[in-house]
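Notes follow once the structure below has been shown.
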Amino acid sequence: MSFKLIVILLLELITFAIFAWGGNTLAIKSIQSEDGDVIDCVDIFKQPALYHPALKNHKIQMTPSYNTMMEPTKTNDQEKSYKYVTTQTWHKSGSCPKGTIPIRRTQNNYKKDHIKKPNFFHLDKRLRIKEDINLAQKNHSLAILHTEGIRYMGGKTDMKTWNPHVEEDDEYSTSRLALMSGAYNDYQDIESGWANDGSRETGCFDLTCPGFVQTSHEIALGAAIYPISTQNGLPYSISVFIFKDLNTSNWWLQYGGSINIGYWPSKIFEGGLGIHAQTVQWGGEVYIKNVGKHPHTKTQMGSGAFPVYISANTGFMKNMRILDNSMELRFPQYVDAYSQEYDCYKTQYMGDYIEEPEFHFGGPGRNPLCP
């Protein structure tokens with residue numbers, strides 16, 4: 001029973017810029033994970049991302065030139081019980097050799113209704129309200145901390161991971177870091193974090209998604225973490241850092257404070273993120289078909305509980321940083337907390353009288369205040 005529960009409610013590493021992968025014709029080695037996943041080890045120079053038309057003759061950047069040494073993370077007594085994880089379930093069954101990258105094989109036999117699954121790049125062209133700039137998308141419910149500026153070169157956060165309930169196969173719940181650029185009705189964004197996806201098919205679902213070039217042989221995008229919770233029920237924590245490499249303008253993704261998973265090449269962006277980000281967001285996002293309608297979904301955000309600062313009982317982010325022109329990580333000067341459906345998913349920002357600002361977010365979805 002516990003194994004099935006983990007499979008149904010597993011948390012996944014997500015990066016919203018990967019190609020769907022449905023076969024193993026390029027696999028040098030395949031690994032069968034105990035959770036049902038198949039991980040294909042593919043030659044780094046033959047990875048699907050390189051089929052993107054903008055990446056013809058692309059020379060892979062193996063490591064970032066930017067010094068990613070970050071300030072040490074301070075922890076209090078309560079946080080010492082949280083463990084930072086850099087392992088995934090498939091690691092127990094084998095490893096990919098150096099010179100390859102692990103790709104979680106997607107299933108070709110999913111139902112037709114899964115083909116209509118929401119694309120993480122979905123954009124609502126009808127949004128015209130100024131207050132919705134870079135915040136609202138159709139059928140997306142956000143609970144975020146938000147900062148806007150002229151030029152951002154990166155963003156970072158430490159987050160706690162939970163197992164939020166997802167009601168339908170075509171819904172998902174995420175905790176993520178996002179960098180955005182562009183006008184409110186036509187913007188670009190890159191995101192990374194953790195997701196619980198009811199159908200187990202996380203990522204982009206068409207070949208129009210920008211190519212994310214993987215360089216690490218250790219982490220498979222979309223694969224389950226291991227383990228997903230401590231024995232006493234406390235969450236695990238991860239660190240995510242997205243930053244721009246000044247020598248190449250590529251956007252690198254670093255995980256766990258040390259693993260450079262790969263990068264979004266600058267060539268896949270036209271303006272916007274090809275130059276810099278204008279917005280950084282931290283927090284949760286739920287995709288549901290009935291935002292603002294009744295009955296509301298029971299899909300949860302965070303742990304499914306409304307945030308209570310004292311107990312840190314739900315979605316939680318700390319050590320939130322931006323990377324600006326000085327190329328130094330710092331907390332932004334101005335931030336705003338925003339919840340699109342406050343009675344369904346709440347936010348709580350704590351920035352005064354504490355050494356390190358904290359952002360708490362989450363909720364159960366449908367409840368007496370959100371019928």
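The values are calculated or read from the model by the stated rules, or taken from the named source; none is laboratory data. Keep in mind that what you see is a predicted model, and the values were worked out from it rather than measured. Quick reminder, even Gly has a Cβ in these numbers, built from the backbone with ideal geometry, and neighbours come from all protein chains shown. We work out accessible area using only protein heavy atoms, side chains counted, and drop any ligands, DNA or RNA first. Shrake-Rupley method; radii C 1.70, N 1.55, O 1.52, S 1.80 Å.
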Taking the condition open to solvent by 40 Å² or more (accessible area, probe 1.4 Å) and out of contact with any Cys (no Cβ under 8 Å at 6 or more places or on another chain), does Tyr287 pass? no
Residue count, the stretch 30-68, condition within 20 Å of Phe269 (Cα to Cα), in contact with a strand residue (DSSP E or B) (Cβ under 6 Å, 6 or more places away or on another chain) and modelled with pLDDT under 90, comes to 1
Just one listed residue, out of Tyr82, Tyr172, Tyr152, is surrounded by 14 or more Cβ atoms within 10 Å (Cβ to Cβ), at pLDDT 85 or above, closer than 20 Å to Ser239 by Cα and of a type in the set (Phe, Trp, Tyr), and it is Tyr152
The residue that is farthest from Phe243 (Cα to Cα), considering only those in the stretch 300-337 that are among the polar types (S, T, N, Q) and open to solvent by 30 Å² or more (accessible area, probe 1.4 Å), is Ser311
When the stretch 316-371 is checked residue by residue, the ones that are aromatic (Phe, Trp, Tyr) and assigned to a loop (DSSP other than H, G, I, E, B) are Phe331, Tyr334, Tyr342, Tyr345, Tyr353
